[in-house]
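Quick note: the coordinates plus some simple rules give every number you see, no bench work behind them. All values reported here derive from a predicted model rather than from experimental measurement. Every residue, glycine among them, receives a Cβ derived from its backbone with ideal geometry; neighbour counts consider all protein chains shown.
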Amino acid sequence: MTDGPGPYEPPVPPPGWAAQQPPPYGTPAHWAAPGQQPPPPPAPPGQYYGYNPYNPYGNPYGGMKPGIIPLRPLQLGDMYNGAVQAIRSNPRATLGLAAAVVTISELVALAIQLPLLQPLLGRLTDPSFIQQGNAEDLIAPLFGFLGGTLLGAVLSVIATVVLTGMLTSVVGRAVFGESITIGEAWRQTRSRVLPLLGLGLLQTLMMLAVILIPVVLIAVLAASTSGPAVVLVGFLLTVGAAITAIFLYVKMSLAGPAVVLERIGVFAAIGRSFRLVSGDFFRVFGILLLTAVIVFFISLAVSAPFSVFSSFGSTTPDSLDGGFVMSMVLGTLGAIIAGTITSPFSAAVNALLYADRRMRAEAFDLVLQTEAVERQRGGQPTGPLDLWHPAYGSGAPRGYQQPPQYGSPGYEPPPPGPWQQ
């Protein structure tokens, strides 16, 4: 018989159990002070403090980041940082595609404008025209040149839409840290070029209709009557046209990524974009507006030296023709360089905005996180076009079919990511 309990002896675990067992429920660990929570255990060897096997990418906000963005709803800084990282991680695919598309569109626009510029310059440099000053002889060449300039602008807009769609496939792969070549990007998007061309043409025609209809109405009113009522009606029509154009541009801004990543048609993509933007219109508008301002100032800074050089030409009638031609050539060269730099950035922001809207509206971040965990565990990666399709996972919208699987044209398996190397 003893006077009291002896020293504490930990229970022996049953056979087959690990020697180190946690303390019984409700018993604080030996290092915990009364009334306090025990500190976390030390980090495993080779891992940082707070390591989580389901969050191995170390994002401080708790979201995985296997690639250019964290797999959670994005902030503005996430989109801009992700856009820059997408360009840096895939310079050939992003800058190469941008250089090819922008160069072709700018050269085609220049080829349209130069022949229409010659009749206008011929009138302006003709001594008899300068002496007589008959303005009616200048109307036809002037409108011809303005029409060519407008056609060149339309081609540039369509080329921008197509380029945005092509670069979307690059950004979609960069979300998981995968690189892609120009050839792979082309193979994934070549079947979507015609829908992208149709989308760009349809968006351009809608914008032109919104702008030209008020102009025609104002001209008809001005020709039929006069007074302050015409000015007031013209002002209201102009404001209404501007609001309508902004509304349509914002609502259709995500149609390009939907055409490429979801493999749907033009009208289905426009409807899809309308649904994704719904409920967050002003935020999407603000991001697009800020991005356009940034792109504008970068383009202005890049093309400014070419504009300065073109202003050094002679303005005498004998050399006016060559001076205008040289100015247009230098301006085209500056536009090509500026577009090569800014187009990938704006396209990447647009694609990441599409991803953000899907995360917020459809909980798409959970799909991406699940895919990241499976890849981190060594599972077979899902094809990029399958992963971004709305039918993947649960809750496929009505009208969508199951996407094709590996082996179909354009659905080649991606190269192994950094977690598999």
- request: Rank these for me by crowding, Val266, Val277, going from fewest to most other beta carbons within 10 Å.
  value: Val266, Val277
field: Backbone HN-Hα couplings from phi across the stretch 101-114 [Karplus 6.51/-1.76/1.60, Hz, Gly and Pro as x]
entry: 5, 5, 4, 4, 5, 5, 5, 5, 4, 5, 5, 6, 7, 4
- prompt: Taking neighbour Cβ counts within 10 Å as the exposure measure, how do Phe324, Phe143, Phe364 sort from fewest upward?
  reply: Phe143, Phe324, Phe364
- line: Going residue by residue through the stretch 159-168, the Karplus relation 6.51 cos²θ - 1.76 cosθ + 1.60 with θ = phi - 60° gives ³J(HN,Hα) values, rounded to whole Hz and with x marking Gly or Pro, of 4, 5, 5, 5, 5, 4, x, 5, 6, 4
task: In nm, give the distance between the simple-model label positions of Ile298 and Ile213, each being 7 Å from the Cα along the Cα-to-Cβ direction.
output: 3.5 nm
